[in-house]
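Asks: Okay, handing you the structure first.
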């Protein structure tokens, strides 16, 4: 996540998946940041992804996927209450 994205801001990375499971990099759309380097790296990352293609009537078809990320720390509340030991 680029440093230019303030904490709590959602960055959405959407793209089309071809019937062969590869990403159509021309379809990559990124919202939530204007960081050019991040967008370039995201397209490069997408080109390396493979998916199990969606199937309709037994035939692989185009589909849409999205990755959503929010910059900031991951905070998990302790279900046992503040200051109590966590159980896993």
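Asks: Output the qualifying pairs, or none if there are none: Cβ atoms under 7 angstrom, residues six or more apart or on different chains, first residue in the range 19-36 and on the phi > 0 side of the Ramachandran plot, second residue assigned to a loop (DSSP other than H, G, I, E, B).
Replies: Matching pairs, first to second residue: 21/51; 21/52; 21/53; 32/5; 32/9.
Asks: Oh, and also: Determine which single condition residue 79 fails, assuming it passes every other condition in (1) loosely packed, with under 10 Cβ neighbours inside 10 Å; (2) within 17 Å of the chain's Cα centre (by Cα); (3) modelled with pLDDT under 90.
Replies: The number of the failed condition is (2).
Asks: Now, a different point. Considering only residues that are at negative phi and either free of Cβ contacts under 8 Å to residues at least 24 places away in the same chain or in a loop (DSSP other than H, G, I, E, B) (or both), which ones fall in the range 51-66?
Replies: Hits for the range 51-66 are 51, 52, 53, 55, 56, 62.
Asks: Return a yes/no flag: does the range 39-50 have any residue that is touching a helix residue (DSSP H, G or I) at 6+ places or on another chain (Cβ under 6 Å), at pLDDT 90 or above and surrounded by 11 or more Cβ atoms within 10 Å (Cβ to Cβ).
Replies: Scanning the range 39-50, I find no residue that is touching a helix residue (DSSP H, G or I) at 6+ places or on another chain (Cβ under 6 Å), at pLDDT 90 or above and surrounded by 11 or more Cβ atoms within 10 Å (Cβ to Cβ), so the answer is no.
Asks: Still on this model: Quick one: count up the residues across the range 37-50 that are free of Cβ contacts under 8 Å to residues at least 12 places away in the same chain and within 14 Å of the chain's Cα centre (by Cα).
Replies: So the count comes out to 5.
The values are calculated or read from the model by the stated rules, or taken from the named source; none is laboratory data. This structure is a prediction, so every number in the text was calculated from the model and none was measured. Quick reminder, even Gly has a Cβ in these numbers, built from the backbone with ideal geometry, and neighbours come from all protein chains shown.
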